[in-house]
Amino acid sequence: MPTLHLEIVTPEALAYQAEVEGVIVPGVDGELGILPQHVGLMTQIVPGELRIQQGGKELRMAVGEGFLEVRPDRVSIMTEMAIDEADIDEHAAEKAVALAEKELKDQTLSHEEVALVQSSLLHSLAKLRVKRRHHH
Amino acid sequence: MANTRDIRRRIKSVKNTSQITKAMEMVAASKMRRAQQAAVAGRPYSEVLNEVLVSLRDHVDKESHPLLAQRDVHKTLVILLTSDKGLCGALNTNVLRDASLLDTSTTLFVAVGRKGASFLARTGRQMIADFTLPDNPAFLQTKPISQFCLEQFLSGAVDQVNILYPKFINTLVQRPVNLQLLPISIEKADGMVPSPNASSSLERPITAEKDSENESSEIGEYLFEPSTQSVLNAILPYSFHFEVFQKILDERASEQSARMVAMKAATDNAKNLVKDLTLEYNKARQASITTELLEITTAQMALG
(Lines give C-alpha, C1' and ligand atoms only; values in the text may rest on other atoms or scores of the structure.)
Protein backbone atom coordinates (compact mmCIF):
# COMPACT_ATOMS: atom_id res chain seq x y z
CA MET A 1 0.00 0.00 0.00
CA PRO A 2 1.45 3.39 -0.96
CA THR A 3 2.19 5.73 1.88
CA LEU A 4 3.09 9.36 2.33
CA HIS A 5 5.47 10.93 4.78
CA LEU A 6 3.57 13.11 7.23
CA GLU A 7 5.17 15.67 9.50
CA ILE A 8 3.25 17.81 11.99
CA VAL A 9 5.16 20.63 13.65
CA THR A 10 4.13 23.21 16.23
CA PRO A 11 6.18 26.14 17.56
CA GLU A 12 6.85 24.05 20.66
CA ALA A 13 7.84 20.73 19.12
CA LEU A 14 7.77 18.21 16.31
CA ALA A 15 4.38 16.73 17.18
CA TYR A 16 4.11 13.80 14.79
CA GLN A 17 6.19 12.16 12.11
CA ALA A 18 5.41 8.89 10.34
CA GLU A 19 4.60 7.11 7.10
CA VAL A 20 0.81 7.14 6.77
CA GLU A 21 -1.79 6.03 4.23
CA GLY A 22 -3.74 9.24 4.28
CA VAL A 23 -4.66 12.29 6.28
CA ILE A 24 -7.81 14.41 6.52
CA VAL A 25 -7.28 18.01 7.57
CA PRO A 26 -9.68 20.87 8.40
CA GLY A 27 -9.01 23.31 5.55
CA VAL A 28 -10.39 26.83 5.15
CA ASP A 29 -12.89 25.57 2.57
CA GLY A 30 -13.92 22.46 4.47
CA GLU A 31 -12.33 19.11 5.10
CA LEU A 32 -9.54 18.06 2.84
CA GLY A 33 -8.32 14.49 2.30
CA ILE A 34 -4.71 13.94 1.28
CA LEU A 35 -3.66 10.57 -0.16
CA PRO A 36 -0.31 9.47 -1.57
CA GLN A 37 0.54 10.96 -5.01
CA HIS A 38 -1.42 14.11 -4.21
CA VAL A 39 -0.53 17.09 -6.35
CA GLY A 40 1.61 19.86 -4.81
CA LEU A 41 -0.59 22.02 -2.64
CA MET A 42 -0.29 24.89 -0.24
CA THR A 43 -3.26 25.89 1.87
CA GLN A 44 -4.38 27.17 5.24
CA ILE A 45 -5.98 25.05 7.90
CA VAL A 46 -8.37 26.10 10.65
CA PRO A 47 -8.79 24.84 14.22
CA GLY A 48 -10.51 21.48 14.13
CA GLU A 49 -10.05 17.77 13.84
CA LEU A 50 -7.23 16.06 12.01
CA ARG A 51 -7.55 12.38 11.12
CA ILE A 52 -4.59 10.23 10.25
CA GLN A 53 -4.99 6.82 8.62
CA GLN A 54 -2.17 4.55 9.52
CA GLY A 55 -2.03 0.76 9.39
CA GLY A 56 -5.81 0.45 9.03
CA LYS A 57 -6.34 2.50 12.15
CA GLU A 58 -7.46 6.06 12.49
CA LEU A 59 -5.68 8.51 14.75
CA ARG A 60 -7.41 11.74 15.67
CA MET A 61 -5.77 14.97 16.72
CA ALA A 62 -7.02 18.41 17.62
CA VAL A 63 -5.17 21.07 15.66
CA GLY A 64 -5.08 24.86 15.69
CA GLU A 65 -4.61 27.39 12.91
CA GLY A 66 -1.83 26.77 10.50
CA PHE A 67 -0.68 25.72 7.06
CA LEU A 68 -0.54 22.57 5.02
CA GLU A 69 2.04 21.91 2.37
CA VAL A 70 1.92 18.90 0.10
CA ARG A 71 5.00 18.09 -1.92
CA PRO A 72 6.11 14.95 -3.70
CA ASP A 73 8.33 13.70 -0.91
CA ARG A 74 6.20 14.60 2.07
CA VAL A 75 3.27 16.41 3.65
CA SER A 76 4.00 19.08 6.24
CA ILE A 77 1.47 20.54 8.61
CA MET A 78 2.46 23.60 10.55
CA THR A 79 0.04 24.48 13.27
CA GLU A 80 -0.10 26.37 16.52
CA MET A 81 -1.40 23.34 18.37
CA ALA A 82 -1.52 19.58 17.79
CA ILE A 83 -2.81 17.31 20.52
CA ASP A 84 -3.43 13.60 20.37
CA GLU A 85 -6.99 12.60 21.14
CA ALA A 86 -5.86 10.49 24.08
CA ASP A 87 -4.11 13.47 25.66
CA ILE A 88 -7.12 15.73 25.58
CA ASP A 89 -8.57 16.43 28.99
CA GLU A 90 -12.27 16.90 28.31
CA HIS A 91 -13.04 18.57 31.63
CA ALA A 92 -10.14 20.97 31.37
CA ALA A 93 -11.21 21.84 27.84
CA GLU A 94 -14.82 22.40 28.95
CA LYS A 95 -13.65 24.62 31.76
CA ALA A 96 -11.42 26.57 29.40
CA VAL A 97 -14.32 27.10 27.02
CA ALA A 98 -16.59 28.33 29.81
CA LEU A 99 -13.92 30.65 31.16
CA ALA A 100 -13.04 32.05 27.75
CA GLU A 101 -16.68 32.66 26.88
CA LYS A 102 -17.22 34.45 30.16
CA GLU A 103 -14.13 36.60 29.69
CA LEU A 104 -15.18 37.56 26.20
CA LYS A 105 -18.68 38.44 27.40
CA ASP A 106 -17.46 40.59 30.27
CA GLN A 107 -15.47 42.73 27.83
CA THR A 108 -12.94 43.79 30.43
CA LEU A 109 -9.99 42.62 28.37
CA SER A 110 -7.57 44.67 26.36
CA HIS A 111 -7.31 44.23 22.62
CA GLU A 112 -4.43 41.77 22.70
CA GLU A 113 -5.94 39.77 25.54
CA VAL A 114 -9.09 39.30 23.49
CA ALA A 115 -7.01 37.86 20.67
CA LEU A 116 -5.29 35.53 23.09
CA VAL A 117 -8.54 34.35 24.67
CA GLN A 118 -10.25 33.93 21.32
CA SER A 119 -7.52 31.76 19.98
CA SER A 120 -7.43 29.61 23.12
CA LEU A 121 -11.22 29.30 22.89
CA LEU A 122 -10.96 27.99 19.34
CA HIS A 123 -8.29 25.56 20.43
CA SER A 124 -10.40 24.27 23.31
CA LEU A 125 -13.45 23.90 21.10
CA ALA A 126 -11.42 21.92 18.59
CA LYS A 127 -10.25 19.61 21.38
CA LEU A 128 -13.81 19.06 22.55
CA ARG A 129 -15.03 18.33 19.04
CA VAL A 130 -12.40 15.63 18.61
CA LYS A 131 -13.07 14.08 21.98
CA ARG A 132 -16.85 14.03 21.76
CA ARG A 133 -17.24 12.73 18.25
CA HIS A 134 -15.33 9.63 19.24
CA HIS A 135 -17.63 8.81 22.13
CA HIS A 136 -20.84 8.73 20.08
CA MET B 1 49.39 46.00 60.21
CA ALA B 2 45.79 45.29 59.32
CA ASN B 3 43.32 45.06 62.13
CA THR B 4 42.11 41.47 62.64
CA ARG B 5 38.56 42.62 63.32
CA ASP B 6 38.42 44.52 60.02
CA ILE B 7 39.62 41.47 58.13
CA ARG B 8 37.04 39.28 59.84
CA ARG B 9 34.31 41.69 58.85
CA ARG B 10 35.45 41.68 55.23
CA ILE B 11 35.53 37.88 55.12
CA LYS B 12 31.99 37.78 56.38
CA SER B 13 30.73 40.25 53.79
CA VAL B 14 32.50 38.50 50.91
CA LYS B 15 31.01 35.20 52.06
CA ASN B 16 27.54 36.71 52.08
CA THR B 17 28.01 38.06 48.57
CA SER B 18 29.19 34.69 47.33
CA GLN B 19 26.09 33.06 48.76
CA ILE B 20 23.94 35.46 46.78
CA THR B 21 25.86 34.96 43.55
CA LYS B 22 25.75 31.20 44.09
CA ALA B 23 21.97 31.34 44.47
CA MET B 24 21.67 33.49 41.34
CA GLU B 25 23.84 31.03 39.48
CA MET B 26 21.53 28.17 40.42
CA VAL B 27 18.41 30.11 39.45
CA ALA B 28 19.95 31.13 36.14
CA ALA B 29 21.01 27.54 35.48
CA SER B 30 17.48 26.19 35.83
CA LYS B 31 16.00 29.06 33.84
CA MET B 32 18.67 28.54 31.22
CA ARG B 33 17.69 24.93 30.73
CA ARG B 34 14.08 25.91 30.19
CA ALA B 35 14.97 28.81 27.91
CA GLN B 36 17.33 26.67 25.83
CA GLN B 37 14.70 23.98 25.48
CA ALA B 38 12.15 26.54 24.35
CA ALA B 39 14.59 27.94 21.81
CA VAL B 40 15.41 24.49 20.44
CA ALA B 41 11.81 23.30 20.39
CA GLY B 42 10.83 25.87 17.78
CA ARG B 43 13.51 24.83 15.30
CA PRO B 44 11.64 22.02 13.49
CA TYR B 45 8.76 24.42 12.95
CA SER B 46 11.04 27.16 11.79
CA GLU B 47 12.81 24.79 9.37
CA VAL B 48 9.57 23.59 7.81
CA LEU B 49 8.37 27.17 7.52
CA ASN B 50 11.60 28.14 5.78
CA GLU B 51 11.39 25.21 3.42
CA VAL B 52 7.83 26.16 2.53
CA LEU B 53 8.93 29.72 1.82
CA VAL B 54 11.78 28.47 -0.31
CA SER B 55 9.45 26.31 -2.36
CA LEU B 56 7.01 29.21 -2.67
CA ARG B 57 9.77 31.32 -4.13
CA ASP B 58 9.54 29.76 -7.56
CA HIS B 59 5.80 30.17 -7.76
CA VAL B 60 5.47 33.76 -6.75
CA ASP B 61 6.26 37.05 -8.40
CA LYS B 62 8.52 38.90 -6.01
CA GLU B 63 6.98 42.30 -6.54
CA SER B 64 3.47 40.98 -6.12
CA HIS B 65 3.45 41.17 -2.36
CA PRO B 66 4.35 44.19 -0.20
CA LEU B 67 6.24 42.03 2.28
CA LEU B 68 8.49 40.65 -0.46
CA ALA B 69 9.15 43.77 -2.51
CA GLN B 70 12.49 45.50 -1.96
CA ARG B 71 12.20 49.26 -1.53
CA ASP B 72 14.81 52.01 -1.45
CA VAL B 73 15.83 52.16 2.16
CA HIS B 74 15.39 55.59 3.72
CA LYS B 75 14.50 54.52 7.23
CA THR B 76 15.34 51.30 9.00
CA LEU B 77 13.55 49.95 12.01
CA VAL B 78 15.68 47.94 14.41
CA ILE B 79 14.12 45.67 16.99
CA LEU B 80 16.61 45.75 19.84
CA LEU B 81 16.46 42.71 22.10
CA THR B 82 18.13 43.03 25.48
CA SER B 83 17.53 41.68 28.95
CA ASP B 84 15.43 43.42 31.58
CA LYS B 85 17.94 42.87 34.34
CA GLY B 86 21.69 43.24 34.56
CA LEU B 87 24.29 40.94 36.10
CA CYS B 88 24.66 38.95 32.93
CA GLY B 89 28.21 39.78 31.97
CA ALA B 90 28.93 41.60 28.73
CA LEU B 91 25.76 40.40 26.99
CA ASN B 92 23.93 43.71 26.81
CA THR B 93 27.11 45.74 26.41
CA ASN B 94 28.00 43.83 23.26
CA VAL B 95 24.57 44.27 21.73
CA LEU B 96 24.38 47.94 22.66
CA ARG B 97 27.85 48.57 21.21
CA ASP B 98 26.54 47.33 17.88
CA ALA B 99 23.43 49.44 18.30
CA SER B 100 25.49 52.56 18.94
CA LEU B 101 27.26 52.09 15.59
CA LEU B 102 24.00 52.42 13.64
CA ASP B 103 23.21 55.70 11.91
CA THR B 104 21.23 57.81 14.36
CA SER B 105 19.25 59.79 11.80
CA THR B 106 17.96 56.93 9.65
CA THR B 107 17.46 54.27 12.32
CA LEU B 108 14.34 53.94 14.40
CA PHE B 109 14.31 51.59 17.36
CA VAL B 110 11.80 49.31 19.01
CA ALA B 111 13.20 48.21 22.36
CA VAL B 112 12.31 44.86 23.88
CA GLY B 113 13.84 44.70 27.35
CA ARG B 114 14.56 47.47 29.82
CA LYS B 115 18.34 47.63 29.32
CA GLY B 116 17.94 48.52 25.68
CA ALA B 117 15.19 51.03 26.39
CA SER B 118 17.27 52.89 28.95
CA PHE B 119 20.29 52.89 26.64
CA LEU B 120 18.24 54.38 23.80
CA ALA B 121 16.76 57.02 26.08
CA ARG B 122 20.18 57.88 27.50
CA THR B 123 21.85 58.28 24.12
CA GLY B 124 18.92 60.14 22.58
CA ARG B 125 18.08 57.66 19.80
CA GLN B 126 14.74 57.56 18.05
CA MET B 127 12.80 54.99 20.02
CA ILE B 128 9.24 54.55 18.81
CA ALA B 129 8.13 51.75 21.11
CA ASP B 130 9.26 49.94 24.20
CA PHE B 131 8.03 46.47 25.19
CA THR B 132 8.71 44.24 28.17
CA LEU B 133 8.02 40.51 28.29
CA PRO B 134 7.89 37.85 30.99
CA ASP B 135 10.63 35.23 31.35
CA ASN B 136 9.04 32.59 29.15
CA PRO B 137 7.00 34.50 26.60
CA ALA B 138 4.28 32.74 24.62
CA PHE B 139 3.86 33.25 20.90
CA LEU B 140 0.75 35.36 21.41
CA GLN B 141 2.58 37.60 23.85
CA THR B 142 5.27 38.50 21.36
CA LYS B 143 2.79 38.97 18.55
CA PRO B 144 1.84 42.57 19.49
CA ILE B 145 5.52 43.47 19.09
CA SER B 146 5.88 41.96 15.64
CA GLN B 147 2.44 43.28 14.67
CA PHE B 148 3.54 46.80 15.57
CA CYS B 149 6.69 46.48 13.45
CA LEU B 150 4.72 44.99 10.59
CA GLU B 151 2.34 47.95 10.61
CA GLN B 152 5.25 50.39 10.61
CA PHE B 153 6.65 48.62 7.57
CA LEU B 154 3.38 48.39 5.67
CA SER B 155 2.47 52.01 6.34
CA GLY B 156 5.75 53.05 4.74
CA ALA B 157 7.14 54.67 7.89
CA VAL B 158 10.16 52.40 7.53
CA ASP B 159 11.52 50.53 4.51
CA GLN B 160 13.35 47.75 6.25
CA VAL B 161 13.01 45.95 9.56
CA ASN B 162 16.03 44.42 11.25
CA ILE B 163 16.45 42.63 14.52
CA LEU B 164 19.53 43.07 16.70
CA TYR B 165 19.91 40.42 19.36
CA PRO B 166 22.46 38.26 21.15
CA LYS B 167 22.40 35.03 19.17
CA PHE B 168 22.73 31.94 21.27
CA ILE B 169 25.76 29.97 20.04
CA ASN B 170 26.33 27.92 23.17
CA THR B 171 26.32 28.41 26.92
CA LEU B 172 29.63 30.25 26.86
CA VAL B 173 29.28 32.20 23.63
CA GLN B 174 26.56 34.63 22.59
CA ARG B 175 27.19 36.88 19.64
CA PRO B 176 25.26 40.02 18.68
CA VAL B 177 23.62 39.59 15.29
CA ASN B 178 21.84 42.16 13.14
CA LEU B 179 19.45 40.35 10.84
CA GLN B 180 17.07 41.69 8.21
CA LEU B 181 13.51 40.47 8.66
CA LEU B 182 11.49 42.67 6.34
CA PRO B 183 11.13 42.73 3.40
CA ILE B 184 11.26 38.96 3.64
CA SER B 185 14.12 37.78 1.48
CA ILE B 186 13.37 34.19 0.73
CA GLU B 187 16.88 33.42 -0.47
CA LYS B 188 18.03 34.02 3.04
CA ALA B 189 15.55 31.51 4.35
CA ASP B 190 18.03 28.78 3.41
CA GLY B 191 20.76 30.41 5.42
CA MET B 192 18.59 30.84 8.45
CA VAL B 193 18.40 27.13 9.03
CA PRO B 194 20.94 26.65 11.79
CA SER B 195 24.16 25.28 10.38
CA PRO B 196 25.04 21.88 11.76
CA ASN B 197 28.25 23.00 13.44
CA ALA B 198 26.73 26.12 14.98
CA SER B 199 26.08 24.54 18.33
CA SER B 200 26.28 21.08 19.68
CA SER B 201 23.51 21.58 22.20
CA LEU B 202 21.05 23.03 19.73
CA GLU B 203 21.57 20.58 16.94
CA ARG B 204 18.56 18.84 15.60
CA PRO B 205 19.29 15.34 14.40
CA ILE B 206 16.07 14.52 12.56
CA THR B 207 16.13 16.34 9.24
CA ALA B 208 19.78 17.21 8.90
CA GLU B 209 20.18 15.87 5.36
CA LYS B 210 16.93 17.23 4.04
CA ASP B 211 18.34 20.43 2.58
CA SER B 212 20.26 18.79 -0.20
CA GLU B 213 17.29 16.60 -0.93
CA ASN B 214 15.07 19.62 -1.39
CA GLU B 215 17.36 21.22 -3.89
CA SER B 216 16.91 18.31 -6.22
CA SER B 217 13.22 17.57 -5.75
CA GLU B 218 11.46 19.60 -8.39
CA ILE B 219 7.90 20.51 -7.63
CA GLY B 220 6.15 20.74 -10.94
CA GLU B 221 2.59 21.61 -10.17
CA TYR B 222 1.74 23.57 -7.13
CA LEU B 223 -1.79 24.51 -6.16
CA PHE B 224 -2.74 27.27 -3.82
CA GLU B 225 -6.05 27.05 -2.05
CA PRO B 226 -8.14 29.15 -1.91
CA SER B 227 -5.74 31.38 -3.91
CA THR B 228 -2.06 32.28 -4.10
CA GLN B 229 -2.73 35.72 -2.75
CA SER B 230 -4.70 34.59 0.27
CA VAL B 231 -2.13 31.96 1.19
CA LEU B 232 0.68 34.49 0.86
CA ASN B 233 -1.30 37.02 2.88
CA ALA B 234 -1.49 34.48 5.67
CA ILE B 235 1.90 32.83 5.60
CA LEU B 236 4.19 35.82 5.08
CA PRO B 237 3.07 37.83 8.13
CA TYR B 238 2.95 34.59 10.04
CA SER B 239 6.52 33.74 9.23
CA PHE B 240 7.57 37.23 10.34
CA HIS B 241 5.70 36.89 13.64
CA PHE B 242 7.25 33.52 14.18
CA GLU B 243 10.76 34.71 13.32
CA VAL B 244 10.48 37.50 15.91
CA PHE B 245 9.17 35.03 18.49
CA GLN B 246 12.04 32.66 17.79
CA LYS B 247 14.62 35.44 18.14
CA ILE B 248 13.12 36.50 21.44
CA LEU B 249 13.43 32.93 22.72
CA ASP B 250 17.02 32.93 21.52
CA GLU B 251 17.70 36.15 23.41
CA ARG B 252 16.23 34.62 26.57
CA ALA B 253 18.44 31.55 26.25
CA SER B 254 21.48 33.80 25.73
CA GLU B 255 20.56 35.95 28.70
CA GLN B 256 20.21 33.10 31.16
CA SER B 257 23.38 31.43 29.91
CA ALA B 258 25.36 34.66 30.20
CA ARG B 259 23.98 35.27 33.67
CA MET B 260 24.85 31.80 34.84
CA VAL B 261 28.42 32.09 33.56
CA ALA B 262 28.84 35.57 35.05
CA MET B 263 27.51 34.47 38.42
CA LYS B 264 29.71 31.40 38.41
CA ALA B 265 32.75 33.60 37.81
CA ALA B 266 31.62 35.91 40.62
CA THR B 267 31.21 33.00 43.02
CA ASP B 268 34.66 31.65 42.14
CA ASN B 269 36.23 35.08 42.62
CA ALA B 270 34.54 35.44 45.98
CA LYS B 271 35.92 32.08 47.07
CA ASN B 272 39.45 33.09 46.11
CA LEU B 273 39.03 36.36 47.92
CA VAL B 274 37.90 34.58 51.07
CA LYS B 275 40.93 32.31 50.86
CA ASP B 276 43.33 35.25 50.55
CA LEU B 277 41.63 37.16 53.31
CA THR B 278 41.71 34.15 55.64
CA LEU B 279 45.43 33.82 55.07
CA GLU B 280 45.93 37.48 55.81
CA TYR B 281 43.76 37.18 58.90
CA ASN B 282 45.77 34.25 60.26
CA LYS B 283 49.02 36.10 59.61
CA ALA B 284 47.74 39.13 61.46
CA ARG B 285 46.55 36.98 64.34
CA GLN B 286 49.89 35.20 64.59
CA ALA B 287 51.78 38.47 64.43
CA SER B 288 49.76 39.92 67.28
CA ILE B 289 50.31 36.80 69.39
CA THR B 290 54.04 36.94 68.71
CA THR B 291 54.18 40.59 69.70
CA GLU B 292 52.30 39.88 72.91
CA LEU B 293 54.60 37.00 73.80
CA LEU B 294 57.62 39.17 73.10
CA GLU B 295 56.26 41.87 75.36
CA ILE B 296 55.65 39.39 78.20
CA THR B 297 59.12 37.83 77.94
CA THR B 298 60.81 41.20 77.74
CA ALA B 299 58.89 42.38 80.78
CA GLN B 300 59.84 39.25 82.71
CA MET B 301 63.48 39.58 81.74
CA ALA B 302 63.48 43.19 82.89
CA LEU B 303 61.97 42.20 86.23
CA GLY B 304 64.28 39.20 86.69
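I'd like the per residue volume of the convex hull spanned by the Cα atoms of segment B:116-168, given in cubic angstrom.
Expressed per residue, the convex hull around the Cα atoms of segment B:116-168 is 108 Å³.
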List residues of segment B:1-40, by number, whose backbone nitrogen lies under 11 Å from a label position 7 Å along Cα→C-beta of B:T291.
B:1-4
Using only the Cα atoms of segment A:67-133, what are the Rg and Dmax in Å?
14.9, 49
Suppose each label sits 7 Å from its Cα in the direction of the beta carbon; what would the B:N269-A:Q53 distance come out to in nanometres?
6.7
How tilted is helix A:90-106 with respect to the longest principal axis of chain A? Cα atoms for both, answer in degrees (0 to 90, nearest 10).
50
Using alpha carbons only, how many degrees (0 to 90, rounded to 10) separate the axis of helix B:43-57 from the longest principal axis of chain B?
30
Provide the per residue accessible area, probe 1.4 Å, for the protein assembly as shown, rounded to a whole number of square angstrom.
50
Evaluate the distance, in nm, between pseudo-label points positioned 7 Å from the Cα of A:L99 and of B:L102 along their respective Cα→Cβ axes.
3.8
For the protein assembly as shown, the charge dipole (Cβ of Lys, Arg +1; Cβ of Asp, Glu -1; about the Cα centre) points to a positive end, and the Cα of B:A287, A:Q37, B:M301 closest to that extreme belongs to B:M301
Between B:L77 and residues 5 or more places away or on another chain, the pairs with built amide H atoms under 5 Å apart involve B:L108, B:D159, B:Q160, B:V161, B:N162
For chain A, find the longest principal axis of its Cα atoms and tell me its angle to the long axis of helix A:111-135, 0 to 90°, nearest 10.
60
Interface size B-A, as summed buried accessible area [1.4 Å probe, Å², nearest 100]:
2700
Any idea how far the Cα center of segment B:286-304 sits from the one of segment A:1-74, in Å?
93
Report the net charge of residues surrounding B:S257, where surrounding means a beta-carbon distance below 15 angstrom and charges are Lys +1, Arg +1, Asp -1, Glu -1.
+4
Between segment B:56-109 and segment B:19-47, the alpha-carbon center distance in angstrom
25
With a ≥ b ≥ c from the Cα gyration tensor eigenvalues, square-rooted, and the rule rounded for a/c under 1.5, otherwise prolate when a/b > b/c and oblate otherwise, segment B:1-108 is oblate
If you bin the C-alpha pair distances of the protein assembly as shown every 10 Å from 0, what whole percents do you get?
4, 17, 24, 22, 14, 7, 4, 3, 2, 1, 1, 0
Dipole moment magnitude, nearest 20 debye, chain B about Cα centre, only Lys, Arg, Asp, Glu C-beta charged:
2380
Förster radius 25 Å - calculated FRET efficiency between B:D84 and A:E113, Cβ distance, rounded to 0.05:
0.75
Residues hit by the 20 Å² burial cutoff in segment A:40-66, accessible area with a 1.4 Å probe, assembly against chain on its own, are A:G40, A:L41, A:M42, A:T43, A:Q44
Overall Cα dimensions of chain A - principal axes, largest extent first, Å:
53, 31, 27
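The values are calculated or read from the model by the stated rules, or taken from the named source; none is laboratory data. From a predicted model like this one, the values you see are computed outputs, not experimental measurements. Neighbour counts run over all protein chains shown; Cβ positions are idealised from the backbone, glycine included. Just so you know, the surface numbers come from the protein's heavy atoms only, side chains and all, with ligands and any DNA or RNA stripped out. Shrake-Rupley method; radii C 1.70, N 1.55, O 1.52, S 1.80 Å.
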